[in-house]
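A short worksheet on the structure shown next.
The values are calculated or read from the model by the stated rules, or taken from the named source; none is laboratory data. Keep in mind it's a predicted model, so treat the numbers as computed, not measured. Using ideal geometry, Cβ is built from the backbone for each residue, glycine included, and neighbour counts are taken over all protein chains shown.
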Protein chains: 2
Amino acid sequence: MPQDFKTLLASTAYDVEQVLAGALLIRGYDQMTDPMRHAVLNGGKRLRAFLAVHSAAIFDVPKDAALQAAAAIECLHAYSLVHDDLPCMDNDDLRRGQPTVHVKWDDATAVLTGDALQSLAFELLSELLHIEPAFVLQLIQGLARSSGMQGMVLGQAQDIAAETVNTPLTLEQITALQSNKTGALIEWSATAGPIMAGHDIAPLHFYAKSIGLAFQIQDDILDIEGDAKLAGKRLQKDAQAGKATFVSLLGMDQAKTRAQDLVNQACDALSTYGDRAKPMRQVAQFIINRNM
Amino acid sequence: MPQDFKTLLASTAYDVEQVLAGALLIRGYDQMTDPMRHAVLNGGKRLRAFLAVHSAAIFDVPKDAALQAAAAIECLHAYSLVHDDLPCMDNDDLRRGQPTVHVKWDDATAVLTGDALQSLAFELLSELLHIEPAFVLQLIQGLARSSGMQGMVLGQAQDIAAETVNTPLTLEQITALQSNKTGALIEWSATAGPIMAGHDIAPLHFYAKSIGLAFQIQDDILDIEGDAKLAGKRLQKDAQAGKATFVSLLGMDQAKTRAQDLVNQACDALSTYGDRAKPMRQVAQFIINRNM
């Protein structure tokens, strides 16, 4: 990982965490504060935040607005993890090396924490400064669509359903499922910049489609080759469950080739932005080089 | 209940259910559709929708926008019921005489259904037509605040916490808890009209504060005097749990007097709107006359 990118990734994560911590702080202290802080300030790569911030930088969107949008997507993402980890869902005890919210508190607190983080995501967007209200509404509409019954929630339901069918999913079905489950929010993040600036989203939309798929292929690769300690969560769950993955369907070598091809075409799509899109190209490569 | 109000209540509920059914229909059919329809189209008084539609009518807000806002608040309300009914929360099997989502499907589906209904509420607001974007943003911000960590979710957490403390809550604490848990969404509904029209919200805000409290006092009265068959849910849960309620703290007679006083002052606050506010006065009285 190039040093300049490593620094940028860390400083972007730091910036968005400051915004998140501040957003919770100004809302006072009560029984929801600690579980919400635990859920949203427990580290993480902040990839979605990075995509929002650096897609915004291409179009000179004011930094405070970009960071606020980045904080919103991290709240949305954190809510989805808290609910996914619940015993009635994926039943995970560990997240980023820490006990999950329902383990540290209880199931009811985890349900409420996720619920409140989803509301907070929309609240943060509604407070965006220096952006035209019509563009803010477009961001909000996009986030609601990507996360709801036609996006992330649908993907999650499809994923659960896939565990109970006897015939493993096809490549086409897995691609559709993953596009809903994780792709939609990645697309939202990478197009947040042009939307806030009122610019054409096409190049970044194509980019996001490609890296979203590459991201999921890499997740499946790491589920086999990854280090559970580094990942801070259980691995090889899919293989043990006999679920179809990109690796089981394509084979390891072809999965890696496909991921690299996707990243290459994603980067090519940004040529029109020249050097301004350098962080977006670096993060695309990082997505398939990461080991956690 | 006056016949004209009875008709208006039924026709408003019908109108908003048409919008809700249409909103789900255009989003296609998949595994989330049936649980979401079950959660949001299972009857109910549609009080929040009524408040949104008839606060909007005072200011000549276009009917389609008013109904869309009403559909949004009903989605938000339905999400909160689906999650509240979960085994780890209130553990209720029955809602409006029907099996709850987690009983008819399973816990995971209920978590996802609530999650998707929350997203849908914000999506519907983001699609509001004929309303200035800045006012739509104000509605969205209000909904996020009233439903999140400083509103409904906080009230829910406070309610759960109240079950485990040894000293019952004081009148002041219960008022604060209920204001978060149910009051905030009632306020949002009753002020949606002036917000969409860009008018002063003060009279309707005062009205909403009063009827929100009256609503909760009546709920506590019905928990004692109500008919479980009519209500379509278990009653006397609070009394059995030894929880403080407005009735246990004020006594039945004083609780009824207090509720009527609150409704009277709510109606007085709307005198400036004359006959245009008649449905809002009627619904205020209905809130404390209802038997379910």
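Among the candidates B:VAL82, B:VAL61, B:VAL53, single out the residue that is within 13 Å of another protein chain (Cβ to nearest Cβ) and modelled with pLDDT of 95 or more.
Numbers: B:VAL61 fails: within 13 Å of another protein chain (Cβ to nearest Cβ); B:VAL53 fails: within 13 Å of another protein chain (Cβ to nearest Cβ).
Just one listed residue meets the conditions, B:VAL82.
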Please work out which one of (1) more than 30 Å from A:GLN138 (Cβ to Cβ); (2) under 21 Å from the mean Cα position of the chain (by Cα); (3) in a loop (DSSP other than H, G, I, E, B) is the condition B:CYS88 fails and give its number.
(2)
Show me the helices (runs of 4 or more DSSP H) found entirely inside the stretch A:109-195 where at least 3 residues are of a type in the set (S, T, N, Q) and more than 22 Å from A:ALA70 (Cβ to Cβ).
A:171-178
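Residue under question is A:GLY193, and the condition is that it be within 11 Å of chain B (Cβ to nearest Cβ), closer than 30 Å to A:PRO62 by Cβ and surrounded by 23 or more Cβ atoms within 10 Å (Cβ to Cβ); does it hold?
Numbers: within 11 Å of chain B (Cβ to nearest Cβ): no; closer than 30 Å to A:PRO62 by Cβ: yes; surrounded by 23 or more Cβ atoms within 10 Å (Cβ to Cβ): yes.
Here the answer is no, as A:GLY193 does not meet what is asked.
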Those residues of the stretch A:259-281 which are surrounded by fewer than 17 Cβ atoms within 10 Å (Cβ to Cβ) and touching a Leu at 6+ places or on another chain (Cβ under 6 Å), in sequence order:
none
Run B:VAL61 past the list (1) surrounded by 22 or more Cβ atoms within 10 Å (Cβ to Cβ); (2) in a helix (DSSP H, G or I) and report the number of the one that doesn't hold.
(2)
Please go through (1) of a type in the set (D, E, K, R); (2) buried (at least 23 other Cβ atoms within 10 Å of the Cβ); (3) at the interface with chain B (Cβ under 10 Å from one of its Cβ atoms) for A:ASP90 and return the number of the only condition it doesn't satisfy.
(2)
Just one of the numbered conditions (1) farther than 30 Å from B:PRO203 by Cβ; (2) touching a Lys or Arg at 6+ places or on another chain (Cβ under 7 Å) is not true of B:GLY28; which one?
(2)
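Across the stretch B:102-152, what is the number of residues that are of a type in the set (Ser, Thr, Tyr), at the interface with chain A (Cβ under 7 Å from one of its Cβ atoms) and closer than 18 Å to B:LEU41 by Cα? Don't jump to the end; show me each part of the working.
So the first thing to find is which residues in the stretch B:102-152 are of a type in the set (Ser, Thr, Tyr), and the list is B:109, B:113, B:119, B:126, B:146-147.
Then drop every residue that is not at the interface with chain A (Cβ under 7 Å from one of its Cβ atoms), which leaves B:119, B:126, B:147.
Going one step further and asking which of them are closer than 18 Å to B:LEU41 by Cα, we end up with B:119.
Residues that pass the stated criteria total 1.
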For the stretch B:159-190, name all the residues that are within 13 Å of chain A (Cβ to nearest Cβ), of a type outside the set (Gly, Ala, Ser) and within 18 Å of the chain's Cα centre (by Cα).
B:ASP159, B:LEU177, B:ASN180, B:LYS181, B:LEU185, B:TRP188
Subset of the stretch A:196-209 that is in contact (Cβ under 8 Å) with a residue 60 or more places away in the chain and in a helix (DSSP H, G or I) - its residue that is nearest to A:ASN91 (Cα to Cα):
A:ALA208
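Can you tell me which residues in the stretch A:15-50 are assigned to a loop (DSSP other than H, G, I, E, B), crowded, with 22+ Cβ neighbours inside 10 Å and within 11 Å of chain B (Cβ to nearest Cβ)?
As a first pass, look at the stretch A:15-50 and keep what is assigned to a loop (DSSP other than H, G, I, E, B): A:26-32, A:41-46.
Applying the additional criterion that residues be crowded, with 22+ Cβ neighbours inside 10 Å yields A:32, A:46.
If the condition is that a residue be assigned to a loop (DSSP other than H, G, I, E, B), crowded, with 22+ Cβ neighbours inside 10 Å and within 11 Å of chain B (Cβ to nearest Cβ), then A:MET32 is the only one that fits.
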